[in-house]
Structures are given as C-alpha cells and as structure tokens.
1. Using the crude model of +1 on Lys and Arg Cβ and -1 on Asp and Glu Cβ, and no other charge, please compute the dipole size for the stretch 39-98 relative to its Cα centre, in debye to 20.
2. Could you compute how fast the stretch 36-98 diffuses translationally, taking Rh as the Kirkwood radius over C-alpha pairs and applying Stokes-Einstein at 4 °C with viscosity 1.567 mPa s? Give it in µm² per second.
3. Taking the simple approach of a point 7 Å from Cα along Cα-to-Cβ for both Thr64 and Lys92, what is their distance in nm?
Amino acid sequence: MQYHRIITIGALVLGVGIAGGPAFSQSSATTRADDVAYCNQLSGIYNRFLGDSTPSMSTMAAETDCSTGRVAEAIPQLEKLLLAKGYKLPEKAVGHQQ
C-alpha cells in the first residue's frame, strides 16, 4: 500500500514538472528578450551621447558582451557607466510582448 502511494505522488510531481516546463521556458525566453533589448538600449544611449569619447576597456567589453548576447555581464557595466556620467537609465521593460 505504501509503495502505491509513493508511485502516485511521484507521478503527480513528474506531471506537474512537465506541465510547468513550457510555461517556464516561455517566461525565461521573454525575460531574455527583454534583457537583450534593454542592453541594446543602454548601448545605444552610450553610443549616441558618449560615442565621441575614448571608451575604457571595460566599456568596450560591455558593448561587446551586449552585442554577443552576454547581457548579464554587460547590463551592470553599462548602467554604472551611464549613471556615473549623469544619465538617467531608461525604464526596463518586463514581460512586454510585441
């Protein structure tokens, strides 16, 4: 009897995990797309207003990271740079779909 209960609970947990998988993937993909868009927006602000100045190595690395999809590394660096130069950061879109 106990064995049957363990199997039933295990099947239920597995079913919930599988059912939740696609929703998690879509949410994760939306968040990733939002991060890429935000990173590109930060990079665009930098290039528009500070592009004439000589960039530091960390700034060049952040822009490269942004353009190659390594947004988790690029976003904090670009935010720090823009804030240090007195620029207001754009609002970060969360979960917006086109």
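All of the numbers you see were taken from the coordinates with simple rules; none came from a lab. On a predicted model such as this, the values are computed, not experimentally measured, just so you know. So basically every Cβ, Gly included, is an ideal-geometry build from the backbone, and we count neighbours across all protein chains shown.
1. Charge dipole of the stretch 39-98: 140 debye, to the nearest 20.
2. Answer, rounded: 110 µm²/s.
3. Spacing of the two 7 Å Cα→Cβ label points: 2.4 nm.
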